[in-house]
Amino acid sequence: MSKSGIQILHNKHTRAIKPVRIDHCQRVTLLMKQHIGAPCVPCVKVGAHVLAGQLVGDSDAPVSAPLHASISGTIKKIDVVRIPSGEDVQAVVIESDGAIAYTETAPPHVESTEDFLQAVRRSGLVGLGGAGFPTHLKLRGAAGKVDTLLVNAAECEPYITVDHREALDNAEIILEGIRHICRWLQIPRAIIGIENNKKDAYYLLQTRISDFSASAQLQTQISDFSASAQPQPQTSDFSASAQPQPQTLDVRVPAVDIKLGVLPSRYPQGAEKMFIHSLTGRVVPLGQLPTAVGVLPMNVGSVAFLGRYMRTGRPMISRSITVDGGAVAHPMNVRVPVGIGLRELCAFCGLHNVRPAKIILGGPMMGGASPDLDAVISKCNNAVLLFSAAQANLKPESACIRCGSCVAACPMHLQPLKLEQAYLSKDTEALKKLRAAACMECGCCSYTCPASRELVQRIRLGKRLLLSSQKK
Amino acid sequence: MEPLQDQEPLAIVSASPHIRTARTTRGIMLDVCVALVPALLAAVWWFGTRALMVTVLSVGCCVGFEALLRLARKRPQTVGDLSAVVTGLLLAFNLPATLPLWMVPVGALVAIVVVKQLFGGIGQNFVNPALTGRIVLLLSFATQMSGAWNLPNGHSWGADAIATATPLQLAATRAPMPGLLEMFVGHRAGSLGETCALALLLGGAYLITCKVISPLIPACFIGTVAIGSLLYSGFDFTFMLQQLLSGGLLLGAIFMATDYATSPVTRSGKVIFAVGCGLFTCLVRFWGNMPEGVSFAILLMNLLSPLIENCTAPNVFGEEKAKKPKGAKKNEA
């Protein structure tokens, strides 16, 4: 990524706090579309009683992932709700019965790649980094075509610390997940990529990797840390909290060559193409998938989930999220049932004022804003930010001064100021020529603009305009 | 109205990103003004309070014209962004301290009204406003603009000062030049803000440190002139340094050629633009019939800037498809 991208305040306030589990909540709203692809069809009836982990929705469409009840209780209603993006999505609402009762689960029985992919599909896992692409499809596409698994623990968005905590709290589980994926997809090696602002997690993973695969050749990549000669995590409470009990390992899992890669903490380091380039030097050709260059990038949370799933067989019904922002009294990471409402979440974390001035689902760079607290957490939400009025008010927009900051910042080497002009003059030819479709909407251009132009939003609209003009 | 009270006011909804840089247009322009302060102080030191009068008048006219025009055309007021102040300062720096005061508003009128506002205001002008103001004055009032230079003498008023020629005029007639040190501190004839190299370099360093400008344009511009004068003189280093320290080269390379609106936004475009500025400066200085060519060089390259920008569009990340398998091979090892 070299010079492009932006340097932003990390604001990782919650990094030192162990996540809190919320197992019980009064109701969950399970959106039938929590992934890229066809929405699920509810397979439960109103009034029925479900246990946590029970299937509530699935689809026959190839691009889909099943949905499971995240709490035990009664199906209160099956309704259409409007999500913050403006889409209307069918949703199953479960009212808790007060008990925390799970369905019986057993570790999936896997003997072949196909078994593994089927098991991953049954788990309901989607990319937890935010994109929400069904994981079983991603793995199927990568089987046999990939020489390296890249585990993304870069976590470059400000505030969010769920991946950081995952690496600190569940290092073994992550390594197990890596081994399962590598075994069943015949991938010889894996690299865990982590930004250099998470040194504690880096050292912890380093130790765990050497413990875990003493036989495997361990080779850490050239790191910024080697010079600092500080082999212990720097903050003492990290080392205290980040010492999980030694666990018995699954002996069926063979050793894989696992390496650690240090990345500069620069946004958007965790973006797939930048992440792959920084770790392997490979450039994903425009319009192609990472498998084209022989890599399989996966979010560290997804890998950890798979490690856990292969042990227990419990499907994707909960996830960690960071709750932070100026309006939150107790910023923290919480592990919540999928579908929990923001109102219940806010009651748990506490709000400074009566209400937050801005409610963001996801990180401050790419997350979407919700007008009210009626929104619910889906599988691919990694944060909820509740901004105070001071944080929510942005500078007014003024004329472009052609300073070129957006051009310098764009990690895809686009020219945002020209794309904006092309959109404003509805010039689809220019949008095409300027490669509007290559924009990944990371928001660096808008962030860096001194005139506060809504660059990325207009490029987004330009992409849609281009698509609709091509369909005609 | 009663039911509304039950309703919770909605939170702000806007497109991502939800955090923005603290930099503003106003902040950038303020930084440029700060960077110009050393040169202003040097101008007052060498040319007396007359230099200050010209500067204040120029800034006042630029801000006044912009405010009046925006008002007359019922457009949102933009003088708060301080860009008119920068234009005013730069215009003044390009004028001799002895210029009859009534000519200053003429230059400001051309810069702000004709070049900047009539083409749409900040960011829309296709040539540098201050520079165009200077060139219009130069072509209209050649005598006052380049004939009656004052040898700087900080404590004298215009009337007492000794009329002399600028170093470049001296060079053209093969007359002896002032010493290099004198030229570096600004003790030479010239436009009021261009003489003190020390102050201009300080300002440039400030702008580069604050990331207002990239060092690319000044470095390539000055570098090209340096190489050009070495080649022209048969590697006479004193001649080269005289060329770098004379005329409006430093003022032009650091403050005028780096104008956002009229220089390319791409990196390679900036290099081509700056090298072009340097080449045309050398052409005019060594073979033209005018002693100084910086203004004309920048003006010409301003006009070529959109073309350069189109030809140097960066390669989109991942666009070169043919070359990439080598990366996959290398990592296998």
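Below, the figures for the structure above:
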{"read-out": "Dipole in debye (nearest 20) - chain B, about Cα centre, beta carbon charges: Lys, Arg +1; Asp, Glu -1", "value": "680 debye"}
{"read-out": "Phi to ³J(HN,Hα) by Karplus 6.51 cos²θ - 1.76 cosθ + 1.60 over region B:289-300, Hz, x for Gly, Pro", "value": "9, 10, x, 10, x, 4, 4, 5, 4, 5, 4, 5"}
{"read-out": "Cα convex hull of region A:88-224, projected area averaged across orientations, nm²", "value": "11.9 nm²"}
{"read-out": "Tensor-based shape of region A:43-144 (alpha-carbon gyration tensor, a/c under 1.5 rounded, otherwise prolate or oblate)", "value": "oblate"}
{"read-out": "Angle between chain B longest axis and helix B:83-93 axis [Cα atoms, degrees, rounded to 10]", "value": "10 degrees"}
{"read-out": "Cβ-placed point charges (K, R +1; D, E -1), dipole of region A:1-115 about Cα centre in debye, nearest 20", "value": "820 debye"}
{"read-out": "Potential lengthening between A:H49 and A:E87 on full extension [0.36 nm per residue; Cα-Cα distance subtracted]", "value": "10.9 nm"}
{"read-out": "Within straight-line cross-link reach of A:K45, aspartates and glutamates at Cα separation under 13 Å, skipping those fewer than 8 residues along the same chain", "value": "A:D79"}
{"read-out": "Cα-based shape type of region A:376-472, given that a ≥ b ≥ c are square roots of the gyration tensor eigenvalues and the cut on a/c is 1.5", "value": "oblate"}
{"read-out": "For region A:327-437, convex hull volume per residue from C-alpha positions, Å³", "value": "154 Å³"}
{"read-out": "Normalised contact order of region A:342-451, rounded percent, pairs of Cα under 8 Å and 6 or more residues apart", "value": "24 percent"}
{"read-out": "Sorted largest first, extent of chain A alpha carbons per principal axis (Å)", "value": "61, 58, 48"}
{"read-out": "Solvent-accessible area buried by pairing B with A, both sides, nearest 100 square angstrom, 1.4 angstrom probe", "value": "4500 Å²"}
{"read-out": "Where trypsin sites (Lys or Arg not before Pro) fall in DSSP loop in region B:4-79, at most 13 other Cβ within 10 Å", "value": "B:R73, B:K74"}
{"read-out": "Value in Å of the Kirkwood radius, where chain B supplies the Cα pairs that are averaged", "value": "21.5 Å"}
{"read-out": "Pair B:M290, A:H24: separation of 7 Å Cα→Cβ label points (nm)", "value": "8.4 nm"}
{"read-out": "Net charge of neighbours whose Cβ lies under 9 Å from the Cβ of B:L216, counting Lys and Arg as +1 and Asp and Glu as -1", "value": "+2"}
{"read-out": "Computed E for A:V80/A:H109 - FRET, C-beta separation, R0 51 angstrom, nearest 0.05", "value": "0.85"}
{"read-out": "Cut-off under 5 Å, modelled amide H: who pairs with A:V151 long-range", "value": "A:I191, A:I192, A:G193, A:M298"}
{"read-out": "Region B:197-267: chymotrypsin sites (Phe, Trp or Tyr not before Pro) in DSSP loop, at most 14 other beta carbons within 10 Å", "value": "B:F235"}
{"read-out": "B:F126-A:K395 FRET efficiency (beta carbon distance; Förster radius 22 Å; 0.05 resolution)", "value": "0.20"}
{"read-out": "Residues whose placed amide H lies under 5 Å from that of A:R314, excluding near-sequence neighbours", "value": "none"}
{"read-out": "The protein assembly as shown shape via C-alpha gyration tensor axes, a/c threshold 1.5", "value": "prolate"}
{"read-out": "Probe 1.4 Å, accessible area per residue of region B:25-312, Å²", "value": "41 Å²"}
{"read-out": "For region A:284-291, 3J(HN,Hα) per residue [Karplus equation, 6.51 cos²θ - 1.76 cosθ + 1.60, θ = phi - 60°, Hz, x = Gly/Pro]", "value": "6, x, 3, x, 10, 8, x, 4"}
{"read-out": "Mean Cα-pair separation over length for chain B, i.e. relative contact order, pairs under 8 Å, 6 or more apart, %", "value": "17 percent"}
{"read-out": "Projected label distance in nm at B:F239 and B:N315, using a 7 Å step from Cα toward the beta-carbon", "value": "4.0 nm"}
{"read-out": "With DNA, RNA and ligands ignored, accessible area of B:D236 (1.4 Å probe; Å², nearest 10)", "value": "70 Å²"}
{"read-out": "Cβ-Cβ FRET estimate between A:Q288 and A:T207, R0 fixed at 51 Å, reported to 0.05", "value": "0.90"}
{"read-out": "Residues of region A:75-106 with amide N under 18 Å of the 7 Å Cα→Cβ point at A:T312", "value": "A:99-106"}
{"read-out": "Spacing of the two label points (7 Å from each Cα toward its C-beta) at B:L71 and A:E429, in nm", "value": "4.4 nm"}
{"read-out": "CD proxy at 222 nm, helix term only [per DSSP H run n ≥ 4: -39500 (n - 2.57); per residue of chain A; nearest 500]", "value": "-8000 deg cm²/dmol"}
{"read-out": "Candidates B:Q243, B:Q144, B:Q77: whichever shows maximal mean-square fluctuation once chain B is modelled as a Gaussian network with Cα springs under 10 Å", "value": "B:Q77"}
{"read-out": "Around B:L131: net Lys/Arg minus Asp/Glu count, Cβ-Cβ under 13 Å", "value": "-1"}
{"read-out": "Amide H contacts of A:C410 (H built 1.01 Å from N, under 5 Å, at least 5 apart or other chain)", "value": "A:G5"}
{"read-out": "Charge context of B:V265, other residues only, Cβ under 10 angstrom, K/R +1, D/E -1", "value": "+3"}
{"read-out": "Karplus-derived 3J(HN,Hα), 6.51/-1.76/1.60, for each residue of region B:226-242, Hz, glycine and proline x", "value": "4, 5, x, 6, 5, 5, 5, 8, x, 6, 9, 6, 5, 4, 4, 5, 4"}
{"read-out": "Fraction of accessible area attributable to carbon and sulfur, region B:176-237 (%, probe 1.4 Å)", "value": "77 percent"}
{"read-out": "Inter-part distance where region A:370-436 and region B:173-229 are each reduced to a Cα centre, Å", "value": "39 Å"}
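The values are calculated or read from the model by the stated rules, or taken from the named source; none is laboratory data. Because the structure is predicted, anything quoted here is derived from the model rather than measured. As a convention, Cβ positions derive from the backbone with ideal geometry for all residues, glycine included, and neighbour counts pool all protein chains shown. Surface accessibility is based on the protein's heavy atoms, side chains included, excluding ligands, DNA and RNA. Shrake-Rupley method; radii C 1.70, N 1.55, O 1.52, S 1.80 Å.
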